[in-house]
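Notes follow once the structure below has been shown.
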Amino acid sequence: MDYVLNVEPRAITGRRVKHVRENGYVPAVLYGQGQAAAPIQFREIDLVRILRSGGYSQLIALAGLEKKPVNALIKEIQRHPVRRTILHVDFYKVQMDVKIQTDVPVHMVGESEAVKGGAVVIHHMDAIPVECLPGNIPEALVADMSKLETLHDVITIADLPVPEGVEVLAEPEAPVISLTISRKLAEDGTEEEGEPGEEGETAEAAAEE
């Protein structure tokens, strides 16, 4: 998906930047290797739409600064502690022929039999650090939940399909998703019908122990 954000140079800086927000804009800064930080601004609703569609870790084309859109990544978003509105954004201008390091979110697909039985999912990593060319940044790394059949099963970094040209900057054995017993099952001590083997322990059987 291509993300385009209309931006414009920002003349107001310092303490007066509150007037930018009062006029419906968000103050931001664009910087990059060998480039001085440039103050810019944009409509908050425009970035909110991009974030809702999954653009937080993706390239965003900043239109309105140069003849061609500037490719950038979001480095930091500052939000209001109560209203959660966007107060400030740092954009990093990328060079398309230079590898960068960024975090890619983990998306879950499929269904886990153990979760159907009442197990609770534990997210050890919501995003995975990777290194690649800006044009090769994947929208997400996919975790197949059907692999979690029992409480003993774990999805690790090595279980995630990685596109060509992308290097994961984490140990292959690092856990990404695992399971635990829900509080209700632990309190009830219920057990699923059948005779699960030692390595095929269900959530209910584990609760019985």
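Every number here is computed from the coordinates shown, using simple stated rules; none is lab data. This one's a predicted model, so the numbers in the text were calculated from it and none came from an experiment. In this analysis, Cβ positions are derived from the backbone assuming ideal geometry, glycine residues included, and neighbour counts consider all displayed protein chains.
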Listed residues PRO81, PRO138, PRO105; largest mean-square fluctuation, Gaussian network over the chain with Cα springs below 10 Å, found at PRO81
Across 10 Å bins beginning at 0, the whole-percent shares of Cα-Cα pair distances in the chain come to 8, 27, 24, 19, 13, 7, 2, 0
Sorting ALA72, PHE91, ASN23 by the position of each Cα along the dipole of the range 3-93 (Lys, Arg +1; Asp, Glu -1; all at Cβ), the one nearest the positive end of that ordering is ASN23
At R0 = 35 Å the Cβ-Cβ FRET efficiency linking GLN78 and THR180, nearest 0.05, sits at 0.55
Straight-line reach check, LYS116, cutoff 17 Å on alpha carbons, 8 or more apart in-chain or any other chain, hits among lysines -> LYS147, LYS184
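Quick one: if the Förster radius is 22 Å, what FRET efficiency do VAL4 and TYR31 give, using the C-beta to C-beta distance and rounding to 0.05? Before the final figure, lay out each step's value.
Details: r = 20 Å, r/R0 = 0.90.
Approximately 0.65, to the nearest 0.05.
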Once normalised by the length of the range 3-93, the mean sequence separation of its alpha carbon contacts under 8 Å that are 6 or more apart gives a contact order in percent of 32 percent
Exposure-ranked with fewest Cβ neighbours within 10 Å first, VAL98, VAL115 stand as VAL98, VAL115
If amide H atoms are modeled at 1.01 Å from N in the peptide plane, then the residues at a separation of 5 or more from GLY32, or on another chain, having amide H under 5 Å from its own are LYS93
Listed by chain and number, the residues whose amide H is under 5 Å from that of VAL176, excluding neighbours fewer than 5 places away on the same chain and using placed H, are ILE155, THR156, ILE157
